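The values are calculated or read from the model by the stated rules, or taken from the named source; none is laboratory data. What you see is a predicted model, and the numbers here were worked out from it, not measured in a lab. Counting neighbours? That spans all protein chains shown, and the Cβs are built from the backbone with ideal geometry, glycine included. Only protein heavy atoms, including side chains, enter the accessible area calculation; ligands, DNA and RNA are left aside. Shrake-Rupley method; radii C 1.70, N 1.55, O 1.52, S 1.80 Å.
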Amino acid sequence: MVSKEYLIDLLKKNEVFLEGDFTLSSGKKSNYYINMKKAITEPEILSTISKLITEKIAEEDVDKVAGPALGAVPIATAVSLESKLPLLMIRKEKKGYGTSKLIEGELNEGDNVIVVEDVSTTGGSLLKAINAIQDNGGNVKRAFVVVDRQEGAIEEFEKTGIKLEPLITVDEFFA
């Protein structure tokens, strides 16, 4: 049985939280950075994350698991393998060659989808991925983030009617 506490312990042992001066993807400045790219290259962390999310959706009617590129794709892949749900990968923008798809994987009209992300600050990039799924006929049931920085993402999601569910928050990490 995996737990939130075990995940926190793994993240601490792998020195995922860095202190210093950082600019986040949202453009905000921060005195700490959560290096989830490093974390998701560690099999035990990735496995723990996938088990925690799969436990939370076990009783749900979910057809697909999606993750926006780049950081969430390994997480979504691990959840896909753990839950046996097909995977969707959401590009930041359509590519100008090949199939030119924004969504890789088969999204059918009416599919119930969960979306995963590595870190949330404002929730902007995850909301863009959710909009892409909804614009293409999918129903986003739930959204999960490994670490929520507690800087407005949960409140932003409440406005959309979709609950953003962090596995851990920054406060819990530093508790």
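Scanning the stretch 1-46 for residues that are β-branched (V, I, T), assigned to a loop (DSSP other than H, G, I, E, B) and within 17 Å of E117 (Cα to Cα) yields V16, I40, T41.
Taking residues in the stretch 156-175 that are closer than 21 Å to I34 by Cα, and partners anywhere that are among the polar types (S, T, N, Q) and open to solvent by 30 Å² or more (accessible area, probe 1.4 Å), the pairs with Cβ atoms closer than 7 Å and at least 6 places apart or on different chains are E156/T122; T169/Q150; V170/Q150; D171/Q150. Taken residue by residue, the stretch 140-147 has no member that is over 23 Å from I45 (Cβ atoms) and small (G, A, S). Close contacts from the stretch 1-15, counting a first residue that is within 10 Å of L52 (Cβ to Cβ) and of a type in the set (V, I, T) and a second that is assigned to a helix (DSSP H, G or I) and open to solvent by 70 Å² or more (accessible area, probe 1.4 Å), with Cβ to Cβ under 8 Å and a gap of 6+ residues or different chains, come to V2/K51; V2/E55.
Selection of the stretch 133-159 for residues being open to solvent by 10 Å² or more (accessible area, probe 1.4 Å), assigned to a helix (DSSP H, G or I) and hydrophobic (A, V, I, L, M, F, W, C) yields only I154. Scanning the stretch 124-132 for any residue that is open to solvent by less than 40 Å² (accessible area, probe 1.4 Å) and in a strand (DSSP E or B) turns up nothing.
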